[in-house]
């Protein structure tokens, strides 16, 4: 596959399945139902859906609620490299703890929709003088969306402050490499596995086992994309028995091997 170093902006009436090495932004103007990486979601009203490379999206029914779809490759716009300019990595993309979509007010929705339309008017072929402007428009979309998402995250955090597992994200971030057992985390909170699992499922809409698994895969993707470490080194860092077990684990969840993922997504310019 030839890597895209430009934005391809497409509108689709039907979207059955999407799984590619690009970042996607879908503009959703009506109620919608879909699954992402086998987790079910439903959004209402004006929303933007954000997908990272090789996430598996399956639309439930006709995708008539999708007004526009924008996709870009990391070679065109590296979200890690630009993280100081637009705080979207871990907010809009690569965020396993929050819903993958963000609800926005009508005015913001129309502004982003208008920016999509402006991108359509540009010449985004290789070496075009319009490419810097396309990046600027993309940054605007990401900045507006990130602001709205962070407001929603802050509001949700307030509602979780009184819950016994409110800091589970922090705990998981500290222990996911060394501890992948639900029993470990349940014991950390002094809860039975059943009670702990119900609390996590209620507030994160995912079981603790799924969150642990997704966090491991997310770290694997980061190491494949943001470093030059070989597969064996990554497997060791993530404490897998060997690189072959790691490769099987990764392929089962992502749909392709770590080597193929790196070839398709590429190594970021921030890799050292």
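Could you go through the range 127-145 and let me know if any residue there is within 24 Å of residue 39 (Cβ to Cβ), assigned to a strand (DSSP E or B) and assigned by TED's automatic domain parsing to the domain that holds residue 49. No: zero hits.
Of all residues being within 19 Å of the chain's Cα centre (by Cα), touching a residue at least 12 places away in the same chain (Cβ under 8 Å) and not in a helix (DSSP H, G or I) in the range 228-268, which is surrounded by the fewest Cβ atoms within 10 Å (Cβ to Cβ)? Just the residue, please. In this case the residue turns out to be 255. Scanning the range 45-72 for residues being assigned to a loop (DSSP other than H, G, I, E, B), modelled with pLDDT of 90 or more and on the phi < 0 side of the Ramachandran plot gives a total of 4.
Taking the numbered list (1) under 24 Å from residue 97 (Cβ atoms); (2) within 24 Å of the chain's Cα centre (by Cα); (3) touching a residue at least 24 places away in the same chain (Cβ under 8 Å); (4) part of a helix (DSSP H, G or I) in turn, residue 174 passes all entries but (3). Taken over the range 118-150, residues that are exposed (fewer than 13 other Cβ atoms within 10 Å of the Cβ) and either within 20 Å of the chain's Cα centre (by Cα) or touching a residue at least 24 places away in the same chain (Cβ under 8 Å) (or both) amount to 2. Of the residues examined, residue 148 is one that is closer than 30 Å to residue 25 by Cβ, assigned to a helix (DSSP H, G or I) and touching a strand residue (DSSP E or B) at 6+ places or on another chain (Cβ under 8 Å).
The values are calculated or read from the model by the stated rules, or taken from the named source; none is laboratory data. As the structure is a computational prediction, the values presented were derived from the model and not from experiment. Because the Cβ atoms are built from the backbone with ideal geometry, glycine has one as well, and the counts that use them run over all protein chains shown.
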